[in-house]
1. Which of (1) touching a Leu at 6+ places or on another chain (Cβ under 9 Å); (2) buried (at least 18 other Cβ atoms within 10 Å of the Cβ) is the odd one out, the single condition T552 does not satisfy?
2. Residues in the range 319-332 that are open to solvent by less than 30 Å² (accessible area, probe 1.4 Å) and either among the charged types (D, E, K, R) or closer than 22 Å to R487 by Cα (or both): how many?
3. Out of all the residues in the range 511-549, which are within 23 Å of F256 (Cβ to Cβ) and touching a Leu at 6+ places or on another chain (Cβ under 9 Å)?
4. Please pick out the residue among L316, L365, L298 that is in contact with a Cys (Cβ under 8 Å, 6 or more places away or on another chain) and open to solvent by less than 10 Å² (accessible area, probe 1.4 Å).
5. Which condition does I465 not pass, out of (1) surrounded by fewer than 20 Cβ atoms within 10 Å (Cβ to Cβ); (2) part of a helix (DSSP H, G or I); (3) among the hydrophobic types (A, V, I, L, M, F, W, C), if it passes all the others?
6. Is there a residue being at pLDDT 95 or above and small (G, A, S) anywhere in the range 346-357?
7. I'm trying to understand the selection: among the residues of the range 34-79, which are of a type in the set (S, T, N, Q), open to solvent by 20 Å² or more (accessible area, probe 1.4 Å) and assigned to a strand (DSSP E or B)?
8. Within the bounds of the range 360-373, is there any residue that is in a strand (DSSP E or B) and under 24 Å from the mean Cα position of the chain (by Cα)?
Amino acid sequence: MTELQERGHAAAHERGHATTVGGALTVGQMLDALADSTAELTLVDQALTPQRISGRALGRAARRAAAALEHAGVRPGDRVFLVSSTSLDFLISLFGVWRAGAVPVVMSLPRTVAGIAAFPAEISARMATVEARMLIVADAFLDAAPQLGKLADVVLRCGDVADPTTPETVRPPTSDPSGVAHLQFTSGTTGAAKAVMITHGQLLRHAGAMWGASRFSDRQVVFVGWLPWYHDMGLVAGIATLSVGGHLVLMPPEDFLSRPAAWMEAIAQYRGQATAAPNFAYALAAQALEDVPDPLDLSSLELAGNGAEPIDGGVLQAFAQAGARHGLRDTALCPMYGLAEATLAVTIDPSDRPHGFDVVSRASLELEGRAAPVEADDPDARVLARCGRALAGVELVIRDPDGAPLPERQVGEITVTGPFVTPGFWGEPDATRAMLRDGWLHTGDLGYMVGDELVVCGRSKDMVIAAGRNLYPEDYEAVARSVDGVRPVVAAFSLPGFEHMIVVAERRAQDGDAARLATEVMRAIVDVLSHPAHRVIIVPKGTIPRTSSGKTQRGATRDLLMDGELAVDAEVGR
């Protein structure tokens, strides 16, 4: 860890981070300390059927799993892959890897039938990248795809690793906070996925920093979520909750996607105080809240974190309005900015006031790269979410293409330094040097500062320059999502060598008029945006590829279109 990062740790500590249970320095120590904490874990399905385990029992289960792994040959520092959805056996297996001092790598699961066919090859390639030789697989996966049993020297079932009859004979937990705690493969939205290294110290200190920056720094929190643990938001939020002795309520992601209302119902039933999800999930939740027959009590929810993808102000407003009749506080919405390369959160807006938006001139953004404020009813207005202030010890600088700092309200690349920035990509020194320059993480994201608050505009690689204007795909996607009949899954992009935008949108109903929907989306874009889309394409639900966090993969969607493999229901062009 660099001297700069160490100084950041010290500064953050002085500013009063929440303390992990038992003063643990590593995840293994934290798991042992659960025995004397108030931590507990509850797993629920979409019917809210509970499976509850105390922190003490969870710590003991982790030690038994560690003993099983050590017996199978796992040693400290080994990389261990895990393939499973959210279940108690999976979590115990994961905690067992940490307790054994090994490094877990949780694989994202395939979303489509085509993805299932390619899944074993993807696992094999990623295991080779980090030189892993052990694979832990959910029992159902191994039964359905026995070829997974041939991908590693040692393949174990989650059920066997989590066997409650295994004796608790295990070595002491690792105590070095600088050791690698987990490897997070990047989403692959801008290139081949790489394994981001996050240390034990970063993981636990980041947990303390998040709660220290929030409204829960002096008390335990009930966190209700559904995010998968193969994505940093799910994994870090879960560890953060347990590490401060809180109550973690988890739902498998497939249960949420099957019935989004179950997420809100779980918050109401367990009096959830905090939750977090990508923007698309709040769009689904807003619709679910409109449709539930009976009111829910969401008054306990104090912080609804929104991050992991561009934040649509319209979605935030729709969720707030839908939730208001269920008692949702107008102060609960909490836009955030973060990325795996910074452990998770970089900025957070936990202020106890209704969330504010930045309303700026779209023409000024596109032509000058400057965020000039305008009135909300201005036809040129673009509404952007303020993503809050940097976490303790973290510094933000907006830079121009030459690396020079930019003044307030000038759009440039977001660069970050501080205690939570990754040491680098596993086995990728060239990619690490390209990402980390002079101690600063170059994110590839575009944004600007308003005072000490960050506003995110988009990604530099996705922006299209047409007729001297900087066109943001996020704008086109937001307008398309606002059209009745469009799902909150839209991808906008340009084709190589062309300066125009193509919009691909999934439709809600398969029996509707797809041609009419394409025309309505195009009309909305013409009415709202300065530069029309070149083509609007309507596709069936589940067509647009997405990352492990739910972000649309613009590049992969572009490839499908160029290869003639995109399932098109209707299309309209100009």
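1. Every listed condition holds for T552 apart from (1).
2. First pass over the range 319-332, keeping only residues open to solvent by less than 30 Å² (accessible area, probe 1.4 Å): 319, 322-323, 326, 328, 331-332.
Checking which are either among the charged types (D, E, K, R) or closer than 22 Å to R487 by Cα (or both) leaves us with 319, 322-323.
Of the residues in that region, 3 qualify.
3. We begin by selecting, within the range 511-549, every residue within 23 Å of F256 (Cβ to Cβ); these are 539-549.
Matches in the range 511-549: V539, T543, I544, P545, S548, S549.
4. Values: L316 fails: in contact with a Cys (Cβ under 8 Å, 6 or more places away or on another chain); L298 fails: in contact with a Cys (Cβ under 8 Å, 6 or more places away or on another chain).
Checking each option against the conditions leaves just L365.
5. Here I465 meets the rest and fails (2).
6. No, the conditions are met nowhere in the range 346-357.
7. Here is the first cut: in the range 34-79, the residues of a type in the set (S, T, N, Q) are 37-38, 42, 46, 49, 51, 54.
Right, trim to open to solvent by 20 Å² or more (accessible area, probe 1.4 Å) and you get 37-38, 46, 49, 51, 54.
Within the range 34-79, Q51, S54 meet the criteria.
8. So the first thing to find is which residues in the range 360-373 are in a strand (DSSP E or B), and the list is 360-361, 370, 373.
From what's left, under 24 Å from the mean Cα position of the chain (by Cα): none.
No: zero hits.
The values are calculated or read from the model by the stated rules, or taken from the named source; none is laboratory data. The structure presented is a predicted model; accordingly, all values stated were derived computationally and were not measured. We place every Cβ from the backbone using ideal geometry, glycine too, and count neighbours over all the protein chains shown. Just so you know, the surface numbers come from the protein's heavy atoms only, side chains and all, with ligands and any DNA or RNA stripped out. Shrake-Rupley method; radii C 1.70, N 1.55, O 1.52, S 1.80 Å.
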